[in-house]
């Protein structure tokens, strides 16, 4: 990824996002619960800063942000569409604009499908099977918005 310099902090964050308790994380790494809590506070600050920086760089007005989940909901000022910025453990920080794409002719088709499936898996979200990334994204991000 790595905007997040301390790999261990990011690993703790991913585990917490997948619903592991601080005690379970501490036990698996052989450290104190307090050390995990401190690391999570630090990584939450880094993730929030990364989400806000990405929003600023892409001229996205922030509507809601959840650093523990790694999600920023906003609206693109120049494009006039809703946008979501999210942190993926395997794909880094991503920006997705709500749009109706012509996915069948897009060169990024396979990458979009992979990104959406991977992100859904990271959040333990079950998606309906479809070959249309736009429909997958609509379903996934509707569920993410409910979580935020």
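Annotations
- Only helices enter this figure: runs of n ≥ 4 DSSP H residues, each worth -39500 (n - 2.57), summed and divided by the residues of the chain, yield -16000 deg cm²/dmol at 222 nm to the nearest 500.
- Each residue in 31, 43 was given a count of other beta-carbon atoms within 10 angstrom of its own, and listing them fewest first yields 31, 43.
- Angle between the chain longest axis and helix 33-57 axis [Cα atoms, degrees, rounded to 10]: 30
- The chain - Debye-derived log10 I(q)/I(0), Cα point model, q = 0.09, 0.14, 0.19 Å⁻¹: -0.30, -0.70, -1.17
- Mean separation of Cα contacts under 8 Å, 6 or more apart, over the residue count of the chain: relative contact order %: 17
- Maximal additional length on extending the residue 99-residue 81 stretch stands at 5.7 nm, based on 0.36 nm per residue less the C-alpha distance.
- Extension gain from residue 28 to residue 117, taking 0.36 nm per residue of separation minus the Cα-Cα distance: 29.3 nm
- Nearest-0.05 FRET efficiency for residue 21 and residue 109, computed from C-beta distance (R0 30 Å): 0.20
- For the chain, the longest principal axis of the C-alpha atoms and the axis of helix 7-17 are separated by about 70°.
Just so you know, all these numbers are worked out from the coordinates, no wet-lab data involved. If you're wondering where the values come from, they're calculated on a predicted model, not measured in any experiment. In this analysis, Cβ positions are derived from the backbone assuming ideal geometry, glycine residues included, and neighbour counts consider all displayed protein chains.
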